[in-house]
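Quick notes on the structure that follows.
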Amino acid sequence: MKILVTGGFGFIGSSFIKYLNNKGITNIDICEPKGKYESKWFNTTDLFYSNIINSDNPYNITNCNYDIIVHLGANSSTNQEANSENWDNNIQYSNELIKRFNNHVNKPIFIFASSAATYGNETSDFSERLNVRPTNFYGFTKLETEKAINSIDYKNNIYSLRFFNVYGAREAHKVGMSSPIYKWLTLPNDTIELFESLNPLFPTGKMARDFIHVDDVCSVIWHCINSKNKGGTYNVGSGVASTWEQVANTIFKTKNVNTGSIVYKRMPESISKHYQYYTCANLDKLRNVLNYNQEFLSLEKGIQLTYKQINQLYLPKL
């Protein structure tokens, strides 16, 4: 079994390669943009893999025969500009990669990392449909590739996974775009800042998101790889919405902070235009079509695990 992981130096990519290594799998190629290793190389120091391939030209990788493609590489900033560079990176490159690999006689299993950002301001119907309305360019790019996949004649080998709020330990390189859970676990002080709500339906502190630990995401990806001819779009979240106050208080508990404080600040206008006040994955399709039956980590257990992993990876004195 030969596997290609694009974005393998990144948060989810390096976590998945570690997951594979724990299963004894090392025949893995990593695809990364040339010269983009500086901030992420530390994620790979405990990993075993075969080659690092320059991703600048799709031909560099699509002329190789892989059994499995896990396409995680992209600009994952939800605040990215709607410019030609991000269009090329997130849409054109992904679409070309999928098309080229799917033209192979022996079609590989293809995992495409989509996002719950595709749902935009939705607050109730989180079923895996294409008639959704993203409110930021990142979500738009993911939906565009989902639509391109949907137009392919044979696509039973292609899995589009809509990741909800993924968190975990290998996020140090993401700096400003790391998950709030990672940021708050590594804070040098005991104060957590939350945004005030601008939506009367969701009071301040009660806005809620679906948080899923990266180990659970890796488990779902592995399940897809081992599920034949069940390609499609699937939500990958815990199925539980947790408020920001719940997250903050769980952080304090995990760090044994007795005097932690929550401070509310005004939401910047640049964020308020596309802020998601509520997300919660509908797992019916994941459970009933893909037959994924494992339970996801609770918020408390997931945060505790992340804190332990951060200690092991980056911050031995935490």
5 angstrom amide H check on E193, placed H, neighbours 5+ away: V263
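Once Rh is set to the Kirkwood radius over Cα pairs, what Stokes-Einstein translational diffusion coefficient, in µm²/s, holds for segment 236-318 at a temperature of 20 °C and a viscosity of 1.002 mPa s?
137
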Efficiency of FRET between D88 and N258 - r from beta-carbon atoms, R0 45 angstrom, step 0.05: 0.35
N235 long-range amide H proximity, modeled H, under 5 Å: R162, L286
Interatomic Cα distance distribution for the chain, bins of 10 angstrom, percent: 6, 27, 36, 24, 7, 1, 0
Under 5 Å, built H, 5+ apart or other chain: amide partners of V166: I212
Ranked M1, M267, M177, M207, criterion: other C-beta atoms within 10 Å, fewest first: M1, M177, M267, M207
Most mobile of F110, F11, F202 in a GNM of the chain (Cα contacts under 10 Å): F202
Per-residue Cβ neighbour rank within 10 angstrom, fewest leading, E122, E295: E295, E122
Under the Karplus curve 6.51 cos²θ - 1.76 cosθ + 1.60, θ = phi - 60°, whole-Hz ³J(HN,Hα) for segment 228-239, x wherever Gly or Pro sits: 7, 6, 10, x, x, 9, 9, 6, 10, x, 7, x
Kirkwood Rh and Cα Rg combined as Rg over Rh, evaluated for segment 85-159: 0.99
In Hz, Karplus ³J(HN,Hα) per residue of segment 283-290 (6.51, -1.76, 1.60; θ = phi - 60°; x = Gly, Pro): 9, 4, 5, 4, 6, 9, 9, 7
Karplus 3J(HN,Hα) series, Hz, for segment 129-142 with 6.51 cos²θ - 1.76 cosθ + 1.60 (x for Gly, Pro): 10, 8, 7, 10, 10, x, 10, 10, 5, 4, x, 4, 4, 5
Helix-only CD estimate at 222 nm, as mean residue ellipticity for the chain, using -39500 (n - 2.57) per DSSP H run (n ≥ 4): -8500 deg cm²/dmol
Residues V214, V247, V240, sorted so that the one with the fewest Cβ neighbours within 10 Å comes first: V240, V247, V214
Nearest-ten-degree value, helix 93-102 long axis tilted from longest Cα axis of the chain: 40
Cα-based helix-to-principal-axis angle, 244-254 vs the chain, degrees rounded to 10: 90
Segment 164-318 - percent relative contact order, Cα under 8 Å, separation 6 or more: 34
Kirkwood estimate for segment 201-248, i.e. one over the average of 1/r between Cα atoms, Å: 12.7
Rounded to 10°, Cα long-axis angle of helix 11-22 versus longest principal axis of the chain: 70
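Read the figures in this text as sums done on the coordinates, not as results from a lab. Source: prediction; values computed, not measured. Note that we place each Cβ from the backbone using ideal geometry, even for glycine, and neighbour counts take in every protein chain shown.
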